[in-house]
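The values are calculated or read from the model by the stated rules, or taken from the named source; none is laboratory data. Only a predicted model underlies this, so the values are computations on that prediction, with no experimental measurement involved. Heads up, the Cβs are rebuilt from the backbone with ideal geometry, glycines too, and the neighbour counts pull from every protein chain shown. Accessible surface is based on the protein model in full, side chains and every heavy atom, while ligands, DNA and RNA are left aside. Shrake-Rupley method; radii C 1.70, N 1.55, O 1.52, S 1.80 Å.
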Amino acid sequence: MRRYIATPMAVLVLGLLFAPPVIWAVGHFGLISPAMAQPAALTKKQSDVLNKYNDAVKNFEAVLRQRRAQIESKQPLPDLPGQALYLARNAMLGAAKDLTDALPSRIGGPNKFKIPPAYFDTRNEPMLDEYVKLFALMQAPPADAQQSETPFKDVVDLGTAIARAKGLDAADAEAAGRISLGLFFAETNGNQNIGNARSNKYKGSFQTGTSEDQNGRRKWAAIKKQVAALDPALSLRDDKEEARAGKADHRYNHWTAVRDALMNAHAEIFPQVPAIVKTLPDPIDQMKLFELIQIVPAPTRSALGSGNLLHYRVSDPTIMRYLRNNSIFAFGQADRLRSSATFREILDAMWLFHPKFEQALAGFNEIKAR
């Protein structure tokens, strides 16, 4: 089973790496007074929930300020410098959900991050902007990372070629390529060769560990001749990238990182794409399911083999903990008290991934159009 994944909630663009320090005014964020919360007097329980929410907002702001100050002054960062930010963000979202459960009148309007309004006050958008910028700085690719000029197309081409080598026809292989691009956005928001501010183990375009990358390389070698027969041009590109990567960490060459990650975890599932597409006609649900292979591979494979994917229920506390560690059932008491969930419920709870997959789907459609 998988790991802690950094999940900032918007696409990280290169310009964010050079963002100036953020100056925040006192009272700028979504703190709520009792009078604002509800005209009538609050109950003790409502008051406690409100105080907890305000404390969570203040703490998130304080953690962001601290990390920004450390970066601007070039102080050494703590080990896993993104973890405190991630936990503080989650605490704020969870406290907001508890607040709106207790005071439904506090549910506001839509926000630019497409977070369900019950979990987020739009006045806190600047803090999430800063959160994204800080992760961009802390996870910047190393200087010797080997970039691709066509990172999205590479992912689609590799996913498609692997699927063809696994026996899929052109239409189903295209679906596998589209799903692969969704995984790239889920893991890194579409940013190649990044580090991980919440893990010392998982790196690169698909956030793999060393052993996963090596396993993927071995599996790729086993099907390379089939790929070459189906797509000679892609095979030549692969030879060039393999030579380019040499003895360096293959996770920091975008092409080899994507190739090895797909071979390690997903290639063996690609033959099931036709059945998955039939069960899950929504392309975003398909992407969510394959992301679950990254997060909780064993139960996801069991669900796929059950013959009743959407109603397959997970109840193992360890599995539920891994889901929560990856922002699924992680926000608010009601979600965190869940002891089990069906795969349909798990897919629906992956709302934090949804904007990423929308971006991936748009990118895929652009590639296909070209």
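Rolling a 1.4 Å probe across all protein chains gives K114 an accessible area of roughly 120 Å².
For the residues K356, K368, K74, a 1.4 Å probe over the protein chains yields an accessible-area ranking, largest first, of K74, K368, K356.
Annotation for segment 89-177: GluC sites (Glu not before Pro) lying in DSSP loop with at most 11 further Cβ atoms inside 10 Å of their Cβ are E149. K114 sits among other residues whose Cβ lies under 12 Å from its own Cβ, and their net charge, with Lys and Arg +1 and Asp and Glu -1, is 0. In terms of its alpha-carbon gyration tensor, segment 73-167 comes out oblate; a/c meets the 1.5 threshold, while b/c is at least as large as a/b. Shown for the chain are the DSSP H helices of 24 Å or more along their axis, judged by Cα atoms, with a mean Kyte-Doolittle hydropathy of at least 0.0: 83-102, 170-188.
Multiplying the residue separation of R217 and S315 by 0.36 nm and subtracting their alpha-carbon distance yields 31.9 nm. Within segment 250-267, what residues put their amide N at less than 18 Å from the label point 7 Å along the Cα-to-Cβ vector of K225? Counting backbone N atoms under 18 Å from the label point, the list is empty.
Taking only the C-alpha atoms of segment 299-370, Rg followed by Dmax gives 14.8, 47 Å. Placing pseudo-labels 7 Å out from each Cα toward the beta carbon at D144 and K278 gives an inter-label distance of 5.0 nm. Label-to-label distance, R244 versus K112, with points set 7 angstrom from Cα along the beta-carbon direction: 3.3 nm.
When the accessible area of the chain is split by element with a 1.4 Å probe, what percent falls to carbon and sulfur? It would help to have the intermediate numbers written out before the result.
Details: 8890 of 15830 Å².
The nonpolar share, carbon plus sulfur, comes to 56 percent.
Looking at the chain, the accessible area is 43 square angstrom per residue; that uses a 1.4 Å probe and ignores ligands, DNA and RNA.
Within the same chain, lysines fewer than 8 places from K133 are excluded, and of the rest, those with a Cα less than 24 Å from its Cα are K58, K74, K112, K114, K201, K203, K356.
Rounded to the nearest 500, the 222 nm mean residue ellipticity of the chain from helices alone is -18000 deg cm²/dmol, with -39,500 (n - 2.57) taken per DSSP H run of at least 4 residues.
A simple count of charges around P271, restricted to other residues whose Cβ falls under 10 Å of its Cβ and scoring Lys, Arg +1 and Asp, Glu -1, yields -1.
Straight-line cross-link reach from K52 at under 23 Å between alpha-carbon atoms covers these lysines, not counting any fewer than eight positions away in the same chain: K44, K97.
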